[in-house]
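The values are calculated or read from the model by the stated rules, or taken from the named source; none is laboratory data. In this text, all values refer to a predicted model and were calculated from it rather than measured experimentally. Reconstructed Cβ throughout: ideal geometry from the backbone, glycine too, with neighbour counts over all protein chains shown. Heads up: the accessible areas ignore ligands, DNA and RNA and are worked out on the full protein's heavy atoms, side chains in. Shrake-Rupley method; radii C 1.70, N 1.55, O 1.52, S 1.80 Å.
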Amino acid sequence: MKRKNAIKYFFNIFLVFGIVLFISFSGCSSREQNPVLLSDSTIVYPPKSPDDIQPTVLLSTKVGKKTGKPVNAGTSFYLSEKSNLYAVVELGKRNKQLNKDLMFHIDWIGPNGRSFYTKQINFTADNKSSRISSSVSLSPAKRKEGEYKVRVYLFRELIAEKLFRITDALQDTGKQSASREAKLFGKDEVESVREETTTKPASVNISAKIILCRKVSKKTGKPIGAGTIFTIKEKEKVIALVDIEYRKIKTNEQMIFYFDWIGRNGKSFYKKRIIYTTSNPFFTISNSISIAPEKRKPGNYKVRVYLDDQLIAEQKFELIANIK
Amino acid sequence: MNSTEKSGNTKQRFDFIDQFRGFVGILMLLGHSSYYFNSIWLYLDPADPLIPNCEQFILRYIGYICAPGFLMMNGAMVWWAYQKRILKGTPDWSTRWHLIQRGLFLVLVQVTWVNSSWGGFSEFKPAHLGIISTIGISMLLLTLIIKLKWQFRLGIALAILFIYPFILQIDYNSEIYWQQVLMQTFIDAGDFNKYPVLPWFALAILGSVMATGWLKGWKTDKQKIIYSLAIGVTSILIATLIRMERGFGNIFPFSDFGSYSFFLDQKYPPSLYHNLWFFGWVVVGVGVIILINKIFPKLLNVLSSVGRVPLFFYCIHIAILGIISKRIGLFYREGEVVETLIGFAIMLIVMLPLAKWFGSVKQRSKNFIIRLI
């Protein structure tokens, strides 16, 4: 009888515990476990509540002084003595979170997986800002080449992250690690997302950096929607802007560049020759492809840029299906 | 009560304390397995934790109960050891000296063995304190008030807990060594000591207060269970109210009830919410262990073998992990949750027989040092 009562008691207590634990832990995460890739290559953990903060992360070496917005956003950057890298986080749905204290962290993680800088940003209830930012130096004394990531946390919970690469100025791509994405999206998918690339070092006199974007501003000529992941849509394009630095340029030298777009099967599907004449050691060339559904399929692509026969830059990118 | 009953009760009283200590010890092993095998520790700052997902949150948060659990169980056993010796007729000062020796021994163990074992004994690092020395210093301080009635001890503990948030605001320069040592030994957390004595001493006192009920005042298991659950749940509710008020007793802000940030208030040093919350869970945990023992008497025996030698268990498992993982470099911070659990399971297989063996050695031994461990 005693044992029967004890068992009844035991189950009652555990029922209470169960309820307490359920209440406590069922809501422990306010974000979905499965991340979503935005077209600008921000990895976002979507909020369970539609009114919660929806971030996008843009990386850039310049931020508009007046607007605070990043200029020439991208995911690949050069080591540079005097440059800083800015992470600007636009806080979507901020207007639904007004009159609340908010606590953000922006955490920078190096190629070794270690955090090298964390910035905490607290908003008081009267703060109406919809943007947070943090910056780190790109000085070779402080950074090495490799795969980095920047993570954004809201109340200690991961809400977004972005992978980026820092390379030496003379190279535009380097070895790419897939391990982080593997953990996020599963090995198979990642193997198709990124594979190791080798880059032929360009001539010591020339350096080239490819920025891929969706559009180019007609007013400023700056890229819009820069990244390495693009969504296949009608009328959408991937534009390759190539910033070139050719220190030993001769006056009015005519240069012949080739853009070579390579499909997911590894074969070239579009080549474009560009003849460029300039005396300026810093200049930009561009080329684009359509990514309409009837022309492209989801997968991994790359664009290569040649000066004459010499490969001077290469950039991988991914096309993903448009999920409505 | 005849002598047999008395003997039986005495054994049972030790059993549930041992079992809870064993439970906490095993959770601690899980937390330390994570520290060595889990790559989250490449970027996790324990003083300002950022959580990538729910699994990592649970893994990290489980370990939060360990320090309060050990401090409270230590306070309970200090009270019990004092009572037992006084009842046997040992003079008051002699009894206190026995406890002081044990406290000093813990400080010594911290600065000699424990500090160096974290890095696999690659270097001798006596120049900082930690959880074991904090338990030791708390023992020393507890001997000063152990004779007081439980109401006075409770008053002292609550006074410390409620005044502590104000004391924490004392400004000091951590660059000046004596200020760092003084403040971080007793009040603030930092490089010298993550576990300042004052708030954790309050939990040790509360453990001694609870021992008055667990080991003496509450005669039946039913009483122990009901009072434990009532006190524990009350404390958890008070902690929740303090948290929801978002003012006094809180240090880190949080978003909503039940979110990561709700649970993760500051641990180094602990907020008032943190201390009341975990005091509640420790008391509830002890009540549940008594309850489980009542229904399944042998189910938790495995925990007793760990709980009888908690210091040995602590010192040895960190040393093994430190040498194998950090010093030799075997899977050091290479895995995530699954790898942590595998490492934990392997460590359990190693540590449980060791703990059982040392328990029997300790029981037979008359050696002063071995009996202290």
* Asked: Checking B:ARG246 against (1) on the phi > 0 side of the Ramachandran plot; (2) touching a residue at least 40 places away in the same chain (Cβ under 8 Å), which test does it fail?
  -> (2)
* From the list B:LEU237, B:LEU264, B:LEU229, B:LEU241, which one is more than 17 Å from the chain's Cα centre (by Cα), among the aliphatic types (A, V, I, L, M) and closer than 21 Å to B:ASP45 by Cα? -> B:LEU264
* Structure fact -> Exception for A:GLY227 within (1) touching a residue at least 60 places away in the same chain (Cβ under 8 Å); (2) in a strand (DSSP E or B); (3) not hydrophobic (A, V, I, L, M, F, W, C) falls at (2)
* To do: Sort through B:ILE289, B:ILE236, B:ILE251 and tell me the only one that's within 13 Å of chain A (Cβ to nearest Cβ), β-branched (Val, Ile, Thr) and not in a helix (DSSP H, G or I).
  => B:ILE251
* Every residue from region A:214-228 that is of a type in the set (A, V, I, L, M) and either crowded, with 19+ Cβ neighbours inside 10 Å or touching a Pro at 6+ places or on another chain (Cβ under 7 Å) (or both) -> A:VAL216, A:ALA226
* Some residue of region B:143-153 being of a type outside the set (D, E, K, R) and closer than 16 Å to B:VAL107 by Cα -> yes
* Asked: Mind checking whether some residue in region B:212-219 is part of a helix (DSSP H, G or I), hydroxyl-bearing (Ser, Thr, Tyr), in contact with a helix residue (DSSP H, G or I) (Cβ under 7 Å, 6 or more places away or on another chain) and open to solvent by 20 Å² or more (accessible area, probe 1.4 Å)?
  -> yes
* Across region B:327-343, what is the number of residues that are surrounded by fewer than 20 Cβ atoms within 10 Å (Cβ to Cβ) and either in a helix (DSSP H, G or I) or small (Gly, Ala, Ser) (or both)? -> 8
* Structure fact -> The condition of being open to solvent by 20 Å² or more (accessible area, probe 1.4 Å), over 30 Å from B:MET244 (Cβ atoms) and modelled with pLDDT of 95 or more holds, among B:ILE292, B:ILE323, only for B:ILE323
* To do: Would you check if there is a residue in region B:71-81 being open to solvent by 20 Å² or more (accessible area, probe 1.4 Å), among the β-branched types (Val, Ile, Thr) and in a helix (DSSP H, G or I)?
  => no
* Asked: Just one of the numbered conditions (1) surrounded by fewer than 15 Cβ atoms within 10 Å (Cβ to Cβ); (2) over 24 Å from A:SER41 (Cα atoms) is not true of A:LYS144; which one?
  -> (2)
* Count, please, the residues in region A:56-68 that happen to be in contact (Cβ under 8 Å) with a residue 60 or more places away in the chain and in a loop (DSSP other than H, G, I, E, B). => 2
* Taking region B:114-149, which residues are part of a helix (DSSP H, G or I), touching a Phe, Trp or Tyr at 6+ places or on another chain (Cβ under 9 Å) and not hydroxyl-bearing (Ser, Thr, Tyr)? -> B:VAL114, B:ASN115, B:ILE131, B:ILE132, B:ILE135, B:GLY136, B:ILE137, B:LEU141, B:LEU142, B:ILE145
* Could you list, in sequence order, the residues of region A:86-134 that are in contact (Cβ under 8 Å) with a residue 60 or more places away in the chain and either part of a helix (DSSP H, G or I) or open to solvent by less than 40 Å² (accessible area, probe 1.4 Å) (or both)? -> A:ALA87, A:VAL89
* Quick one: in region B:34-63, which of the residues that are of a type in the set (Val, Ile, Thr), assigned to a helix (DSSP H, G or I) and facing chain A (nearest Cβ under 10 Å) is surrounded by the most Cβ atoms within 10 Å (Cβ to Cβ)? -> B:ILE40
* Quick one: is B:ILE205 more than 14 Å from every other protein chain (Cβ to nearest Cβ), at pLDDT 95 or above and closer than 24 Å to B:LYS84 by Cβ? -> yes
